[in-house]
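The values are calculated or read from the model by the stated rules, or taken from the named source; none is laboratory data. Since we're looking at a predicted model, the values are computed, not measured. Neighbour counts are summed over all protein chains in view; Cβ atoms, including those assigned to glycine, are modelled from backbone coordinates with ideal geometry.
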Amino acid sequence: MTSIAWNEQEAVPALREALGYMARYRGETFVVKIESGLVESPVFPGLLRDLASLHRMGIHVVVVPGARKQIDAVLQTWEIESQVHQGIRITSEEALPFVTLAAFDVCNKIMSTLAESGVSALIGNWVKARGLGILDGVDYGLTGTVQSLRTDTLRQLLAQDFVPIVPNIGWNAVGKPYNVSSSQLAMEMAIQLGANKLFFLCDVRPDLADDLELPEDVHLRENGLLESVTMAQAQELLGRNPDRIRQPFRDYVERGVEACRKGVRRTHIVDGQEDGALLREVFSQDGIGTMVYANEYDHIRRATLTDVQDIQRLQEPYVKQGVLVPRSADVIAAKIADYAVYEVDGFVQGGAALHLFPDGSAEIAAVAVSEHLRRWGIGRKLVQYLMDRAHRLGLDRVFLLTTQTSDWFAELGFVRGDLGDLPQEKAATYSHQRGSLIFVRTLRR
């Protein structure tokens, strides 16, 4: 028998995290756009197996395939000219039958591959469309835009355990077909179905320009990809970089903002060429792609006794590094009313405390954030939240003790103090052996 090495310290938290997401997403709807280049990619079979796994977990999955590359290939084979203006294909009467053929061929490949995993899928004409017409003097022919969707039928199919596959072809009221944008179709599908998540699985790496101007608290990952952004941050990013964000990434971000504004909680832009990318994006809090999210995604709240173990878990690595003093569960529980926690997807990922003193001052203490989310600005948000609480309570000043984070607190407006700035009770317990620096911030009313 072959034994498999099991790193319990790393694997158990990851499993708990994944199991928590499985329970959270059961019964939710995910709309997944698969870009055309992934259909011929070596990762395609694995990607469809991952979609089948999501389906078996009780997640309602709707697939919207892109077909641009397949359409280009079939039109070239039949020597039919196809023009693209500002990223939009101009579809002629001659080209449309071949466009439809390519679109449904991609859908059939997806349906067949899902069937290999035991998943029942259906391809259907659930899209009502109208022609784009003539825009800025350009006649787009039989290229159209999504007008409405048969969401009642789609919901019935999802309830009956089918995976709908929606081609980028729509029909008007008299049955005239149009070639529609699969990205717009996926966005509208997510909005009208009330989806929890909209995914754009890219067939090219969503690289960004080297000289990108980033809004405050927006960062790039180590691999150069953009991290998560709120709707407001996404709009600011697009506004600051009108010519530096390449297509199709700009289109994905714009669609993501619109989707979130209209009720979709999160849009994920993921490099689909990476094996397992979809599962890693779904079942880990930091993910691997770019997420555009509605503001309710993250929030800070007052802690309760059920948070004690999570708060202690967050503090543990900082205690080992000597950044925080150790606190037992009983100590944390006794002061739980002083704590605030930062939640992500229902998981506590940050915590901090504001301890009050009779002289009208308060101490900010025990600031701890999950190590893999440090760059999200969670610590800064927690401190600001506690400062706002102190101000509402009418306190005179806030102080803190630190050994390794003095520069960070200085950036937040705290200045060096001394023992005389501490209330008598705190000064009496000051550890000269630890030698913590004292920082103070006066509150102006």
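In region 323-336, the residues that are assigned by TED's automatic domain parsing to the domain that holds T402 reach residues that are among the basic types (K, R) with C-beta atoms within less than 8 angstrom, at least six apart or across chains, in these pairs: V325/R434. Scanning region 337-351 for residues that are in contact with a helix residue (DSSP H, G or I) (Cβ under 9 Å, 6 or more places away or on another chain) and either aliphatic (A, V, I, L, M) or not assigned by TED's automatic domain parsing to the domain that holds K381 (or both) yields A340, V341, V344, V348.
Among the residues of region 151-172, those identified as buried (at least 16 other Cβ atoms within 10 Å of the Cβ) and assigned to a loop (DSSP other than H, G, I, E, B) are F162, V166, P167, N168. Applying the criterion of at least 3 residues that are among the hydrophobic types (A, V, I, L, M, F, W, C) and buried (at least 18 other Cβ atoms within 10 Å of the Cβ) to the helices (runs of 4 or more DSSP H) found wholly in region 350-445 leaves 378-392. Selection of helices (runs of 4 or more DSSP H) fully inside region 37-135 by the criterion of at least 1 residues being β-branched (V, I, T) returns 68-77, 96-116.
Checked against the criterion of being over 26 Å from G346 (Cβ atoms) and in the same structural domain as E216 (by TED's automatic domain parsing), the candidates R266, R261, R250, R280 yield just one match: R250. Residue check: R89 meets all listed conditions (1) charged (D, E, K, R); (2) closer than 22 Å to G175 by Cα; (3) surrounded by fewer than 15 Cβ atoms within 10 Å (Cβ to Cβ) but one, namely (3).
Taken over region 211-250, the residue count meeting the criterion of being part of a loop (DSSP other than H, G, I, E, B), closer than 22 Å to E274 by Cα and aliphatic (A, V, I, L, M) is 2.
I'd like the full set of residues that are in contact (Cβ under 8 Å) with a residue 40 or more places away in the chain and part of a strand (DSSP E or B), limited to region 337-349. Scanning region 337-349 gives A340, V341, Y342, E343, V344, F347, V348, Q349.
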